[in-house]
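Peer 1: The structure is given below, and queries will be raised subsequently.
The values are calculated or read from the model by the stated rules, or taken from the named source; none is laboratory data. Owing to the predicted nature of the structure, the values given are computational and were not obtained by experimental measurement. We place every Cβ from the backbone using ideal geometry, glycine too, and count neighbours over all the protein chains shown. These accessible areas exclude ligands, DNA and RNA; they are computed on the full protein's heavy atoms, side chains included. Shrake-Rupley method; radii C 1.70, N 1.55, O 1.52, S 1.80 Å.
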Amino acid sequence: MEALMTQLAQVLHMNQGNGETSYDRNSAVGRKAISIAKPVIEEAVLKILGSDVMGIESMGIADLGCSSGPNTFLLMSHIINVIHTRFRTGLDHPSPVTELRVYLNDLFSTDFNSIFMSLPSFYTKLKQDYDNGRDSYQHLIHPLISAVPGSFYGPLFPRKNMHFVHSSFSLHWLSQISDGLNNKGKIYISKSSPQRVLDAYSMQFQKDFSVFLSSRAQEIVNGGRMVLSFLARPSTNPTAEHGMYVLELLAHALMAMASNGLIKEEKVDSFNMPCYAPCAEELIMVLQKEGSFITDRLEAFEVDWDTVAPDDLDHDQVAFDDDDDQVIFSGQQVANNIRVVTESILEPHFGKEMMDDLFQKYAEEVSKHLSSCVTRPKYTVLVISLIRNF
Ligand code: SAH
């Protein structure tokens with residue numbers, strides 16, 4: 001069990017670079033989630049600034065599961081902008097926050113270099129945005145950015161050092177899941193999965209999330225806050241069809257390859273995707289049991305499977321002649337989005353040489369599914385705003 005966990009923390013990373021199947025080019029779903037969560041983030045940061053949290057002169061903020069960009073930059077500029085706007089509007093001038101420590105965390109094999117390479121243009125843009133505002137650059141607090149590689153299911157920062165912790169689209173990744181569940185022909189919870197599969201996923205989530213909370217509880221000051229966004233499910237029934245059906249379709253693609261003799265069926269039976277979409281009730285249950293945080297807000301919203309950022313669109317691509325073109329395009333889009341986040345885990349199990357065929361077949365499966373859907377399939381996302389309570 002321990003060996004599998006170590007392996008996951010070492011292998012998982014979003015696809016690197018900026019090619020067609022890179023996270024950089026396929027992170028629109030995450031971007032959408034951050035932009036919908038913006039008001040919740042803003043409210044949490046303003047409440048921290050409005051309280052007399054100890055040591056606020058040196059404010060510590062973190063993005064956990066930051067990946068290699070570009071969404072973490074969106075988040076950072078939003079938070080920095082909230083802080084500056086708050087003090088620019090004259091409520092409290094000059095700002096009591098004189099130092100802004102920003103920590104970007106992700107697993108070991110994340111492409112941190114690509115974040116570092118983007119920092120000069122991030123700083124330039126920050127300065128430009130600020131200069132375009134009403135105040136002058138000399139009042140801008142230059143963020144001190146560090147990278148913190150490691151699993152958020154354990155300690156990351158010195159004790160009582162952080163004021164605001166954010167994590168988006170990351171906590172649905174489990175630290176591990178057993179490969180001995182014999183989940184026949186499936187790679188996630190499915191209607192046909194035996195109870196042991198449902199229990200294993202739910203128990204692992206509860207254990208991991210509880211460790212996450214107790215680790216952050218050590219690091220966040222009293223009155224400090226967290227805003228966490230999860231892929232979730234709308235119903236308490238884990239086998240009801242919801243957004244994670246994307247993984248059922250991935251299992252279909254794998255089984256199609258197995259029936260063509262390209263991979264062994266047992267390989268599919270022994271693979272379980274180490275992620276889990278909890279329902280709100282489950283989240284609240286773990287929060288209450290662990291006890292270090294009070295829930296300030298909990299909201300659910302939906303994001304289309306085939307979300308594309310407006311600036312990612314090539315206009316020729318979307319001038320569809322008919323619905324068939326639309327579902328083929330959307331099927332490919334969903335397949336790319338799923339490929340960039342799962343390929344690093346699938347590759348060691350099924351073989352690197354299988355990946356192109358697998359995701360080609362998967363895009364077809366998704367398109368077929370989309371054409372049979374009456375409404376556009378969506379992911380459910382839960383955003384939760386928490387306060388550290390001593
Ligand atoms: N927050 C970004 C990235 C989401 S992708 C966005 O919204 O676009 C999920 C990220 O979580 C991946 O980069 C993955 O490596 C990271 N992740 C998963 N498990 C993790 C863990 N245990 N500790 C730290 N990061 C983790």
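Peer 1: Leaving out ligands and nucleic acids, note down the accessible area per residue over the range 2-388 with a 1.4 angstrom probe, in whole Å². Don't jump to the answer; show the numbers that get you there.
Peer 2: Values: 16790 Å² over 387 residues.
That works out to 43 Å² for each residue.
Peer 1: A further question on this structure: Could you estimate the translational diffusion coefficient of the range 211-302 from the Stokes-Einstein equation, with Rh from the Kirkwood formula over C-alpha pairs, at 10 °C and 1.306 mPa s, in whole µm²/s?
Peer 2: For the chosen part, D equals 98 µm²/s.
Peer 1: Once the dipole of the range 2-388 is set up with Lys and Arg at +1 and Asp and Glu at -1 on Cβ about the Cα centre, which of Pro274, Ser259, Gly331 lies farthest towards its positive end?
Peer 2: Most positive-ward Cα: Pro274.
Peer 1: Any idea how far the Cα center of the range 253-294 sits from the one of the range 171-205, in Å?
Peer 2: A separation of 5 Å, based on Cα centres.
Peer 1: Of Thr375, Thr239, which has the most accessible area and how do the rest follow, probe 1.4 Å?
Peer 2: Thr375, Thr239
Peer 1: Can I ask one more? Compare Leu156, Leu358 by solvent-accessible area with a 1.4 Å probe and give them largest first, with all protein chains kept in place.
Peer 2: Leu156, Leu358
Peer 1: Run the numbers on the range 229-380 and let me know its relative contact order in percent, using alpha-carbon pairs under 8 Å that are six or more apart.
Peer 2: Numbers: 127 pairs, mean separation 59.4, N = 152.
For the range 229-380, the relative contact order is 39 percent.
Peer 1: Further question: No solvent, one uniform scatterer per C-alpha: report log10 I(q)/I(0) for the range 2-388 via the Debye equation at q = 0.06, 0.10, 0.14 1/Å, two decimals.
Peer 2: Debye intensities relative to I(0), on a log10 scale: -0.24, -0.66, -1.26.
Peer 1: Between beta-carbons, use under 13 Å as the cut-off and find the net charge around Met255, counting Lys and Arg +1, Asp and Glu -1.
Peer 2: In short, 0.
Peer 1: What is the percent carbon and sulfur in the accessible area of the range 194-242, measuring with a 1.4 Å probe over the protein chains and ignoring ligands?
Peer 2: Values: 890 of 1700 Å².
Carbon and sulfur: 52 percent of the exposed surface of the range 194-242.
Peer 1: Give Lys184/Lys289; Lys264/Lys361; Lys38/Lys125; Lys184/Lys264; Lys267/Lys361; Lys32/Lys352 a once-over and call out the pairs whose C-alpha atoms are over 23 Å from each other.
Peer 2: Listed pairs above 23 Å: Lys184/Lys289; Lys32/Lys352.
Peer 1: In percent, what relative contact order does the range 2-388 have, based on Cα pairs under 8 Å that are 6 or more apart in sequence?
Peer 2: Relative contact order for the range 2-388 comes out at 23 percent.
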